[in-house]
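Everything below concerns the one structure shown next.
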Amino acid sequence: MRRDAAAIGLPPPWAAELELAYQCRDGRTIPVRRRHCGPLRVQRHFIDAAGQCQHIIVHPPGGVAGGDSLSLAVSLEEGADALLTSPGAAKWYDGFGRPASQRLELSLAPGARLEWLPLETILFAGAEVSMQGRVRLQGDAALLYGDVLCLGRPACGERFDRGHWRQSLDIERDGRLIWCERAALAGGDRMLDAAAGMGGQTVAGQLLWAGPALPADLHQAVLALPLAGRAAASQLPDVWLARFIGDSAEAAHHWLRRARRLLYPFTHGRAAQEPRIWAT
């Protein structure tokens, strides 16, 4: 039975927007625009020894309630190199019949590189969530995109048996669509247990590289990584994609970060350094 938000007396929803832009100056990437409206912002940036700018995106309420909307627009100028992550899990609460949404827009000029690597997204039972992502790459711009999705909270006995999750991701290069993905899963759907779906497991992760094709030995090295779950990878004409399914967000992040470390000398020309926030 669906519970009505007005009858429960929930507060009005929040709309939050964040706009970021980065520029390369003297071999270092710096933020040149930072505008926010509502509860969505970034902490002070950090520039590593290679000149990459690292930013932590913060949503101060700590969770997304029914009716809330988040909008992020990120642009990198020519040659900019940035990494965006988050300080903790993104919790999407029971919406009580009100859908919540997130819209992500990434625009990269030629020679720019962006890593989008937030911590996990947790969907509580009853969450009704729509996540839309659109990426525009110009020239030889490159993207390393990773995420981890947790369905329900099995540690406290909660299954994702109510609600709905929808996700879309479109990636264009010079105006040509090179990746188009659509996913939809209802709470309690039989695909949660089906072998062709989640197979009874509750955590899914992915790592996508939009850039030059990976060498075959590097692709095989990722496939050979030890893991607590299942994983597979494919080199497609314009993107390389690896996916993970398991029962632990920690295991998913461990796999994703090991895969990132393997890829990094090829994708970035140097050894990978993890953001400090990941160690806290």
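Key figures
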item	result
Test: residue in the stretch 44-67 that is without any contact (Cβ under 8 Å) to a residue 24 or more places away in the chain and open to solvent by less than 40 Å² (accessible area, probe 1.4 Å)	yes
Residues of the stretch 28-39 classified as outside any strand (DSSP E or B) and at pLDDT 95 or above, total	0
Strands (runs of 3 or more DSSP E) (entirely within the stretch 97-154) containing at least 1 residues that are free of Cβ contacts under 8 Å to residues at least 40 places away in the same chain and under 16 Å from SER248 (Cα atoms)	121-123
LEU144 within 28 Å of GLU77 (Cα to Cα) and of a type in the set (A, V, I, L, M)	yes
Qualifying residue in the stretch 246-253 (condition: more than 19 Å from MET198 (Cα to Cα) and without any contact (Cβ under 8 Å) to a residue 60 or more places away in the chain)	no
Selection from the stretch 150-172 of residues that are on the phi < 0 side of the Ramachandran plot, buried (at least 21 other Cβ atoms within 10 Å of the Cβ) and of a type outside the set (Phe, Trp, Tyr)	CYS150, LEU151, ILE171
Residues satisfying the stated conditions in the stretch 56-86, i.e. β-branched (Val, Ile, Thr) and in contact with a helix residue (DSSP H, G or I) (Cβ under 8 Å, 6 or more places away or on another chain)	ILE56, THR85
So TYR93, is it of a type in the set (Phe, Trp, Tyr), open to solvent by less than 30 Å² (accessible area, probe 1.4 Å) and at pLDDT 95 or above	no
GLN23, sole failed condition from (1) open to solvent by less than 40 Å² (accessible area, probe 1.4 Å); (2) in a strand (DSSP E or B)	(1)
Any hit, the stretch 104-119, residues being surrounded by 15 or more Cβ atoms within 10 Å (Cβ to Cβ), farther than 24 Å from ARG260 by Cβ and at pLDDT 95 or above	no
Candidate set: the stretch 160-181, residues that are free of Cβ contacts under 8 Å to residues at least 40 places away in the same chain and not in a strand (DSSP E or B); chosen: the one farthest from TRP240 (Cα to Cα)	ASP161
Single residue of the stretch 76-90 satisfying the filter (part of a loop (DSSP other than H, G, I, E, B) and not charged (D, E, K, R)) that is least open to solvent (accessible area, probe 1.4 Å)	ALA80
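The values are calculated or read from the model by the stated rules, or taken from the named source; none is laboratory data. Bear in mind that the values here come from a model prediction, so they are computed numbers and not experimental data. All Cβ positions, even for glycine, are placed from backbone atoms using ideal geometry, and neighbour counts span all protein chains on display. Quick note on the areas: whole protein, heavy atoms, side chains included, nothing else; ligands and nucleic acids left out. Shrake-Rupley method; radii C 1.70, N 1.55, O 1.52, S 1.80 Å.
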